[in-house]
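Take a look at the structure below.
The values are calculated or read from the model by the stated rules, or taken from the named source; none is laboratory data. These numbers were taken from a predicted model, which means no experiment stands behind them. Every residue, glycine as well, gets a Cβ built from its backbone with ideal geometry; the counts of neighbours run over all protein chains shown.
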Amino acid sequence: MEKWIIMGVVGLLGLVIGSFLNVLILRLPQGQSILFPSSHCPGCKEPLKWYHNIPLLSWLFLKGKCSYCKEPISAQYPVIEALTALIFVSVFYKNGINLHSLAVALSFSLLLALSLIDLRYKAVPDSINLLAALIALYASPDIAGNLKNALLVAGAMSMLRFFVSYYVSKKEELRLKKQIAQAPWLQDYYPKYVMIEAMGEGDIIVGFTIGAILGLEATFVAIFLAALLALPASIINKTLHGDKELPFIPFLAAGAFLSYFFARDILEWIGVS
């Protein structure tokens, strides 16, 4: 009974953190202060009362509408709050009540915020990304080991970025040369040098965070799961939107979270561990 009460308190903490994440998600990409002005309706700009800001419950009681202007309130608010609560309860249930569980839960929560920002704005704020990376170093008592794993993963992803970017750039360069050969008058309209970034710098920092939390073996599982999740999404995205970019951070974050709980089972299943 006592354990479930503690998990309830952990869930409430997650809801509060999730409410703050919504502020980060909405304000940071637009260069707004996260402190001022106080919470207000995006439509009518009326300041919200304290009882309008109770995580999850306020949205339910208000039936998803502003108390003043009755404009719909985005479902993002309760979804992020509920997901953050789920992250906190899951991590603390697995690891127990300690500061390392708090570090892991906070890191995954910040990755959740990064994922939504990346999906919505195609941006990865360094302030959130670096904070998640620093907190992740405390994911276990072996801080030096966490740092070593984080640097190894970040280094591997950096090299992967260079190699894949080089390959993609050269492939595009050859395609352009064929077009120019067929229509030489187009030469002045094409760049002399092609440089395509296959992976953003933000992804590398996320890799650092994941490496610190998971260690090397589980990180490889996380990247595999991320690619597995991204594949159908990429096909659907290309079908619906053509060549529109699909952010990878949401899939990295999801793969890392799944790997945190199931990596050992997956490794045993494929005969690695």
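For the reader, a short list of remarks on this structure follows.
- Evaluated against (1) aromatic (Phe, Trp, Tyr); (2) within 21 Å of residue 13 (Cα to Cα); (3) surrounded by fewer than 22 Cβ atoms within 10 Å (Cβ to Cβ), residue 108 falls short on exactly one condition, (3).
- All conditions in (1) out of contact with any helix residue (DSSP H, G or I) (no Cβ under 7 Å at 6 or more places or on another chain); (2) over 28 Å from residue 211 (Cβ atoms); (3) of a type in the set (A, V, I, L, M) hold for residue 56, with the sole exception of (1).
- Scanning region 58-98 for residues that are among the basic types (Lys, Arg) and within 24 Å of the chain's Cα centre (by Cα) yields one hit, 94.
- The residue that is modelled with the lowest pLDDT, among those in region 216-271 that are surrounded by 12 or more Cβ atoms within 10 Å (Cβ to Cβ) and not in a helix (DSSP H, G or I), is 246.
- Residue within region 1-20 that is out of contact with any Cys (no Cβ under 8 Å at 6 or more places or on another chain) and not in a helix (DSSP H, G or I) present: yes
- Qualifying residue in region 30-46 (condition: out of contact with any Lys or Arg (no Cβ under 8 Å at 6 or more places or on another chain) and surrounded by 20 or more Cβ atoms within 10 Å (Cβ to Cβ)): no
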